[in-house]
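Every read-out reported here was derived from the displayed coordinates using simple, explicitly stated rules and does not represent laboratory data. Remember, predicted model here, so these are calculated numbers, not experimental data. A quick note on method: Cβ atoms are made from the backbone with ideal geometry, for glycine too, and the neighbour counts reach across all protein chains shown.
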Amino acid sequence: MSKDVAVRVTNMTKRFGDQLVFENVSLDVHKSEVVAIIGPSGAGKSTFIRCINRLHPFDEGTLEILNYTIEGGKADPPRQVLQDIRTRVGMVFQTFNLFPHLTVMENIILAPMEVKRKTRPEAEKRAMELLDVVGLAHKAEMYPKRLSGGEQQRVALCRALAMDPEIMLFDEPTSMLDPELVGEVLSAIRDLAKGGMTMILVTHEMMFAKEVADTVVFMADHTVVEKGPARQVLEHPQTERAQQFLHRVL
Ligand code: ADP
Ligand code: MG
């Protein structure tokens, strides 16, 4: 795998029991590239990005990430490998999964202290920098339930970034937000992309994908139906399936 490739997926197939989720999915993600994954509900988008950081095992194919090569269908890689991947690949989910009994600050510094062995002052300093960037420094001592959904999602982003990830995965980070709160989260993600972060983002925000993504991957019918430069796929889809889908959502 050449040096500028951050993630390479080759012919990946994933099933839950007998149920096929997707098959033969291949994708190269280059360093600093932003890849948006779009497609109908149930297409396997969430499952696919969870296979990338090995929150899910997969059945066939190969995943190359962070100098690891993982073959599908084999015994789990060693624990340290899985932990290393999950430490270096950040993820923000659809739901705001902050720890409710911890303050914003405590949510952010927990993993850096426990996993990266940062001291509390070091971790707090970095957390404040990150909160400042997303405009939430003044909410550091609050509990998640006192924050809006958009604020919670920006804290979740800070929590992921506090681990200094090399790759970020997003699974529809704005789909549970009230419409007026979507912009603030997208804007934080946009800044991250501009800063050169390698990102794979499942989204139904087509305008955002067009603006921020380099590459768009359209998943449907258990596979990748179409992929290419963002504008090309979104404005001039080649397959009938993608045309249909985009016609419906745009
Ligand atoms: P998308 O994110 O594109 O909506 P998902 O990856 O969530 O799609 O789901 C793809 C398919 O896999 C669906 O049929 C879903 O019901 C199934 N699925 C997802 N997660 C699980 C699971 N943990 N166990 C069994 N089936 C699952
Ligand atoms: Mg999903």
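Taking 7 Å steps out from each Cα toward its Cβ at VAL81 and ASP178 produces label points 4.7 nm apart. With respect to the chain, whose longest principal axis is taken over its alpha-carbon atoms, helix 79-88 is tilted by about 80°.
Using the Cβ atoms and a cut-off under 9 Å, what net charge is assigned to the surroundings of ASN11, where Lys and Arg are +1 and Asp and Glu are -1? Let's see the in-between values first.
Numbers: positive: none; negative: GLU23, GLU60.
Charge balance in the 9 Å sphere: -2.
Ordering of 138-146, 50-58 by packing is 50-58, 138-146, highest average first (other Cβ atoms within 10 Å, averaged per residue). Globularity index of the chain is 1.01 (Cα radius of gyration / 2.2 N^0.38 Å, N = number of residues). Centroid-to-centroid, using Cα positions, region 14-84 and region 86-144 are 26 Å apart.
Relative to the longest principal axis of the Cα atoms of the chain, the long axis of helix 179-194 lies at roughly 80 degrees.
What ranking do 18-28, 208-218 get when scored by the average of other Cβ atoms within 10 Å per residue, highest first?
Working: 18-28: 15.6, 208-218: 20.9.
In descending order of packing, they fall as 208-218, 18-28.
For the chain, find the longest principal axis of its Cα atoms and tell me its angle to the long axis of helix 120-133, 0 to 90°, nearest 10. Roughly 60 degrees between the two axes.
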